[in-house]
Amino acid sequence: KKNYITFINFLFLLPALASMRISKFASFSFFFHMLFIYLLSPENSQVVETCSASSDCGPGFYCGHCPGIGRTQSVCTRGQATVVTSIVNGLPFNKYSWIMTHNSFSIMDAPFLNGIQRLTFYNQEDTVTNQLRNGVRGLMLDMYDFQNDIWLCHSFQGQCFNFTAFQPAINTLKEVEAFLTENPTEIVTVIIEDYVHAPKALINLFINAGLDKYWFPVSDMPKRGEDWPTIMQMVQANHRLLVFTSDASKEAEEGIAYQWRYMVENESGDSGLRHGSCPRRKESNPLNSRSASLFLQNYFPTYPVEAESCKENSAPLANMVNTCYKTAGNVLPNFIAVNFYMRSDGGGVFDIVDRINGHTLCGCSTVTACQAGAPFGSCKNISVPITSPVTNTPGSFNGYVQFSIKSASPVHSPNRSLFLLFYFLLTAVLLQFR
């Protein structure tokens, strides 16, 4: 009976999910502006080949399909990012663009560690370790006080419940620690939606996970929009973990940077997906503000639908990058946060980030055309788009995600109409028994 009441209470609180924080972030000449729009236009999407298994595709690709655009034939789809710092590593951190996963911990098929059936939305499909290996460099984590510990929960109203909990946060942070230890030239950014109230609990969590040795000190972060240290400087100092919190008090009390002092961010959820509009998040300064040198661009719907994400992460995302670029005063995002990051109609967020980095770092159509040490605009003569990303061994694609027609169906993530229809029908039935 207790679990039944909890389930019903959850259903009645579902509308609050629409208004909760779901998200979890140089000027150029007119010529470069138009060139950038051209490079990210849908007409330049990657040409893909049909396949029946990942072994049919090249390195860094898997065999998948895109039901969101009506495609049932599987094609070779990009699943790994270019190791951009292996090409250009001498520029400030804020000149680069990175893939970020929204609710990185909210993983489909994650085990029920507390033995309770989970009732929440899911945003990703593979482990945080695999996300990092495939090139994700930004993680959005929702942290709550729960069971006398700090847990990762996809919840609402600032409270974690047994049916919204995933796992103790230290488990995921230890994955981050292992990755940074195994990859001594990589930098990871963590953004915390912070509902932890126990004094010093959050900073102690990172210390207990062994991450304090990689900590980028908040005292060294630029606070007035200046450039960050270069990638090489951060690696040499071993300041390879950037952590931001949504709780402003944690900066003075625990030395954890308050997110919106250092970055601007557009609105998340459905309001951030409207064509031709890129509104700022209410906590953020205007996107064209020069008071912060990092820009986080969110692009994911309020209600995640697995089967639709391949469409969202393709041409619509590229179009929104163009829109936000103009809204931000011709500034490109440093982080692009998405759901189901590996899903696309071919190149997806991987190609988009390559093009942004190429445009920003060396003035080329893609970062793989950059030449280390060459003047800006000196580009390799390669075809666009590329057929395979630049990889290294620690970050190579390991085939963990092998999508099938069944797994790409919206079984785990019902679309919004059916979800709301179920909610209202159940409400009507329950009212009959009042």
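Scan region 162-173 and give yes if some residue there is closer than 30 Å to Ile231 by Cα, open to solvent by 50 Å² or more (accessible area, probe 1.4 Å) and either charged (D, E, K, R) or in a loop (DSSP other than H, G, I, E, B) (or both), otherwise no. Looking through region 162-173, none of the residues is closer than 30 Å to Ile231 by Cα, open to solvent by 50 Å² or more (accessible area, probe 1.4 Å) and either charged (D, E, K, R) or in a loop (DSSP other than H, G, I, E, B) (or both).
No other residue among Glu253, Glu226 is closer than 17 Å to Leu205 by Cβ and surrounded by fewer than 20 Cβ atoms within 10 Å (Cβ to Cβ) apart from Glu253. When residues in region 202-223 are screened for being in contact with a strand residue (DSSP E or B) (Cβ under 6 Å, 6 or more places away or on another chain) and either open to solvent by 70 Å² or more (accessible area, probe 1.4 Å) or within 21 Å of Phe146 (Cα to Cα) (or both), 1 of them pass.
The residue of region 40-61 that is surrounded by the most Cβ atoms within 10 Å (Cβ to Cβ), among those that are at pLDDT 90 or above and within 22 Å of the chain's Cα centre (by Cα), is Phe61.
For region 183-195, indicate whether the set of residues that are outside any strand (DSSP E or B) and buried (at least 22 other Cβ atoms within 10 Å of the Cβ) is non-empty. No, every residue in region 183-195 fails to be outside any strand (DSSP E or B) and buried (at least 22 other Cβ atoms within 10 Å of the Cβ). Candidates are the residues of region 80-117 that are farther than 30 Å from Thr230 by Cβ and open to solvent by less than 10 Å² (accessible area, probe 1.4 Å); the one that is nearest to the chain's Cα centre (by Cα) is Asn103. Taken over region 130-144, the residue count meeting the criterion of being assigned to a strand (DSSP E or B) and of a type outside the set (Phe, Trp, Tyr) is 8.
Within region 264-289, the set of residues being open to solvent by less than 50 Å² (accessible area, probe 1.4 Å) and touching a helix residue (DSSP H, G or I) at 6+ places or on another chain (Cβ under 9 Å) comprises Glu265, Asn266, Gly269, Asp270, Gly272, Leu273, Ser277, Cys278, Pro279, Arg281, Ser284, Leu287. Each residue in region 70-79 was checked for being assigned to a loop (DSSP other than H, G, I, E, B) and either open to solvent by 20 Å² or more (accessible area, probe 1.4 Å) or of a type in the set (D, E, K, R) (or both), and 5 of them qualify. Taken as a whole, region 137-155 holds no residue that is surrounded by fewer than 17 Cβ atoms within 10 Å (Cβ to Cβ) and of a type in the set (Gly, Ala, Ser). Within region 251-262, the set of residues being in contact with a Leu (Cβ under 9 Å, 6 or more places away or on another chain) and farther than 24 Å from Leu287 by Cα comprises just one member, Glu254.
Residues in region 290-302 that are at pLDDT 95 or above and touching a Gly at 6+ places or on another chain (Cβ under 9 Å): Ala292, Ser293, Leu296, Gln297, Asn298, Tyr299, Phe300, Pro301, Thr302.
Using the structure shown, decide if Glu306 is surrounded by fewer than 19 Cβ atoms within 10 Å (Cβ to Cβ), touching an Asp or Glu at 6+ places or on another chain (Cβ under 9 Å) and closer than 30 Å to Met108 by Cβ. Against the criterion (surrounded by fewer than 19 Cβ atoms within 10 Å (Cβ to Cβ), touching an Asp or Glu at 6+ places or on another chain (Cβ under 9 Å) and closer than 30 Å to Met108 by Cβ), Glu306 does not qualify.
The values are calculated or read from the model by the stated rules, or taken from the named source; none is laboratory data. These numbers come from a predicted model, not from an experiment. Cβ atoms come from the backbone with ideal geometry, glycine included; neighbour counts cover every protein chain shown. Please note that ligands, DNA and RNA were not included when accessible areas were found on the heavy atoms of the full protein model with its side chains. Shrake-Rupley method; radii C 1.70, N 1.55, O 1.52, S 1.80 Å.
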